[in-house]
């Protein structure tokens, strides 16, 4: 009724309605575009924030693994060096002292049967002492000269044993007995072996103390760094969460306000968000 059929044109009132409709449609399209851009920005923020948190957690885990590995290396070194060396030294000292006793038994005993038993026992001590020396040579972290000094003193002690047995076979029992006395040649060789063993023992004690102190420092360093890194992760997580909440909350509130305005008939309502290029 309002349209001019002859001319095919709309009346002024119809043209006004169509203009308002086009404006309303343009507003809806603009809102949709802004919503699409806003959603993309929120998604980027979420991915960035979560990525940073995951990165910090990874750094924390990597450092914890590294420090735990160092502590394990220290523990393994404590067991592999001081404990094994101390155990071998204790066995070696026992072999040397038993050796000395068997030598004294041999020179004082005139019964060939018991004398041979002592010789056999002394051979067992020699074999075990050789094994302990080989073990010390493998795990000892000090100068290898220390182990070589024990070997050399041990070789001289065995030579003394052979010399004493030769005296007994030649009937020189008095000379053999004299060599085993406190100031005798055999006793001097025993003291030399024990001295060289004691040097290795002292180094092992010092190394154990050093490893213990290093392990203690590593533990304290790990605890301090874990505390600092944990606090940093909590702080960054809080800041990232705060930024994300603000970035999401503000446009949602503006959209709710604009939605209320649309519902109340205000088609010119806008949100204050614009895309950043």
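Brief remarks follow.
Results for (1) over 30 Å from residue 108 (Cα atoms); (2) surrounded by 12 or more Cβ atoms within 10 Å (Cβ to Cβ); (3) more than 21 Å from the chain's Cα centre (by Cα), shown as yes or no for each residue.
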residue: 157; (1), (2), (3): no, yes, yes
residue: 164; (1), (2), (3): no, yes, yes
residue: 167; (1), (2), (3): no, yes, yes
residue: 177; (1), (2), (3): no, yes, yes
residue: 193; (1), (2), (3): no, yes, yes
residue: 213; (1), (2), (3): yes, no, no
residue: 223; (1), (2), (3): yes, no, no
residue: 240; (1), (2), (3): yes, yes, yes
residue: 244; (1), (2), (3): yes, yes, yes
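- Count - residues of the range 241-277 that are out of contact with any helix residue (DSSP H, G or I) (no Cβ under 6 Å at 6 or more places or on another chain), at pLDDT 70 or above and closer than 29 Å to residue 51 by Cα: 11
- Criterion violated by residue 54 - all others in (1) at pLDDT below 75; (2) exposed (fewer than 12 other Cβ atoms within 10 Å of the Cβ) satisfied: (1)
- Selected residue [free of Cβ contacts under 8 Å to residues at least 12 places away in the same chain and closer than 23 Å to residue 170 by Cα] from 123, 105: 123
Residue-by-condition table, conditions (1) under 27 Å from residue 191 (Cβ atoms); (2) surrounded by 14 or more Cβ atoms within 10 Å (Cβ to Cβ):
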site: 46; (1), (2): no, yes
site: 93; (1), (2): yes, yes
site: 96; (1), (2): yes, yes
site: 110; (1), (2): no, no
site: 115; (1), (2): yes, yes
site: 132; (1), (2): yes, yes
site: 135; (1), (2): yes, yes
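- For first residues located in the range 225-237 and in contact (Cβ under 8 Å) with a residue 24 or more places away in the chain and on the phi < 0 side of the Ramachandran plot, partners that are outside any helix (DSSP H, G or I) and surrounded by 11 or more Cβ atoms within 10 Å (Cβ to Cβ) and lie 6+ apart or on another chain with Cβ distances below 9 Å do not occur.
The values are calculated or read from the model by the stated rules, or taken from the named source; none is laboratory data. Computed from a predicted structure; not experimentally measured. Backbone-built Cβ (ideal geometry, glycine too); neighbour counts: all protein chains shown.
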